[in-house]
1. Being away from the ligand (no atom under 16 Å from the Cβ), open to solvent by 10 Å² or more (accessible area, probe 1.4 Å) and out of contact with any helix residue (DSSP H, G or I) (no Cβ under 6 Å at 6 or more places or on another chain) is the requirement here; does Ile34 meet it?
2. May I ask you to say which residue of Tyr207, Tyr162, Tyr184 is within 11 Å of the ligand (Cβ to nearest atom) and in contact with a Lys or Arg (Cβ under 6 Å, 6 or more places away or on another chain)?
3. Could you please let me know if Ser178 is of a type in the set (Ser, Thr, Tyr) and free of Cβ contacts under 8 Å to residues at least 40 places away in the same chain?
4. Those residues that are surrounded by fewer than 20 Cβ atoms within 10 Å (Cβ to Cβ) and touching a helix residue (DSSP H, G or I) at 6+ places or on another chain (Cβ under 6 Å), I need them from segment 115-127; list them, please.
5. Which condition number does Lys222 fail, the rest of (1) of a type outside the set (Ser, Thr, Tyr); (2) free of Cβ contacts under 8 Å to residues at least 24 places away in the same chain; (3) surrounded by fewer than 17 Cβ atoms within 10 Å (Cβ to Cβ) being met?
6. Could you run through segment 250-281 and say how many residues are open to solvent by less than 30 Å² (accessible area, probe 1.4 Å), polar (S, T, N, Q) and touching a helix residue (DSSP H, G or I) at 6+ places or on another chain (Cβ under 7 Å)?
7. Can you tell me which of Leu130, Leu139, Leu143 is out of contact with any Lys or Arg (no Cβ under 7 Å at 6 or more places or on another chain), open to solvent by 10 Å² or more (accessible area, probe 1.4 Å), among the aliphatic types (A, V, I, L, M) and in a helix (DSSP H, G or I)?
8. For the list (1) within 22 Å of Gly48 (Cα to Cα); (2) among the hydrophobic types (A, V, I, L, M, F, W, C); (3) open to solvent by less than 10 Å² (accessible area, probe 1.4 Å), I need the number of the one condition that Ile148 fails.
Amino acid sequence: LKNIKGVIPALITPFDEHEEFDENRMRKLVNHLIERGMDGLYLTGSTGEGFLMTPEERKKVVEVVIDEVHGRIPVIVHVGAISTKISIDLAKHAYATGADAISSVPPFYWKFKEENIYKYYEAVSMSTPLPMIVYNVPLAGLLGFDFICRLANIPNVKGVKYTACTHQDIYKCKDKISQDFMVYSGADEMAVSGIINEADGIIGSFYSMMPDVFKDIYQKVKSGDIAGAQKKQKIAVDIIEASLKYDYYAVIKESLRWMGVDAGYVRAPFMNLSEEEIKKVKQSFKEIKA
Ligand code: NAY
């Protein structure tokens with residue numbers, strides 16, 4: 001994982017007007033993000049609407065992206081599902097297709113006990129030689145610092161995507177587990193904080209929409225220009241908060257369209273923006289002061 005750091009968009013998945021995966025739009029988006037200097041891609045996670053797709057559809061997305069990336073930047077495949085069996089199948093497929101790493105939310109919905117979750121990560125992580133990035137995210141149930149340390153004992157667990165707000169745990173993971181244990185900060189609104197707290201990279205939904213802004217933020221923090229980074233972060237927060245009023249994957253796709261990269265539509269139950277909403281979003285973005 002040592003080579004996977006920097007700004008990594010949690011990639012959206014473009015669907016067409018009939019909610020089918022749109023391969024051509026995806027290929028264009030991938031090239032756009034590589035041209036904008038993104039350091040890696042994170043596929044079929046929550047932002048990629050992975051849970052709304054069948055395993056076969058998810059595999060197709062992975063195949064198309066890895067083919068289009070063609071080794072130019074690292075690709076992390078989110079293989080999480082509630083069923084260990086399905087996740088293992090997706091993990092093996094990611095490995096066979098040429099992914100650089102896998103990642104997974106813990107099994108969710110039933111509020112599984114720590115032991116169930118440990119066994120899940122052990123089985124999925126050890127089903128391929130790829131490094132596994134476990135996922136600490138409020139939506140799926142937070143793992144907690146001690147449990148992350150325990151999961152790090154599984155040989156292939158090499159990092160964590162850290163989407164909780166307790167950012168002191170980011171550097172604590174590195175100090176307590178190992179400096180080689182990779183930590184990716186997952187809250188876009190707190191990218192500056194995540195990097196200051198020693199995250200190796202940032203993975204998030206809005207980096208597809210604002211690749212230049214976050215690349216700049218990342219470089220500024222790394223070079224010690226915290227004030228400059230924070231100034232940009234504040235603008236990004238305003239844009240993110242305006243977007244979160246809607247189904248924000250739809251806002252990300254819509255704004256990519258304005259920027260000349262048609263990223264298609266969302267899949268139900270998420271809803272695309274109405275014409276009225278598009279006007280409102282545009283207006284709210286215009287009102288944001290740089
Ligand atoms: C993914 O696709 O799995 C992610 O990367 C998730 C990261 C996002 N967090 C959640 C809870 O979805 O990028 C963030 C998030 O969308 C952003 O900070 C806006 O709140």
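1. Here the answer is yes, as Ile34 does meet what is asked.
2. Answer to the selection: Tyr184.
3. Answer is yes for this residue.
4. Matches in segment 115-127: Ala123 only.
5. (2)
6. Residues that pass the stated criteria total 0.
7. Checking each option against the conditions leaves just Leu139.
8. Single failed check for Ile148: (1).
The values are calculated or read from the model by the stated rules, or taken from the named source; none is laboratory data. Note that the structure is a prediction, hence the values are computed from the model and not measured. Every residue, glycine among them, receives a Cβ derived from its backbone with ideal geometry; neighbour counts consider all protein chains shown. Calculation scope for accessible area: heavy atoms of the full protein, side chains included, ligands and nucleic acids excluded. Shrake-Rupley method; radii C 1.70, N 1.55, O 1.52, S 1.80 Å.
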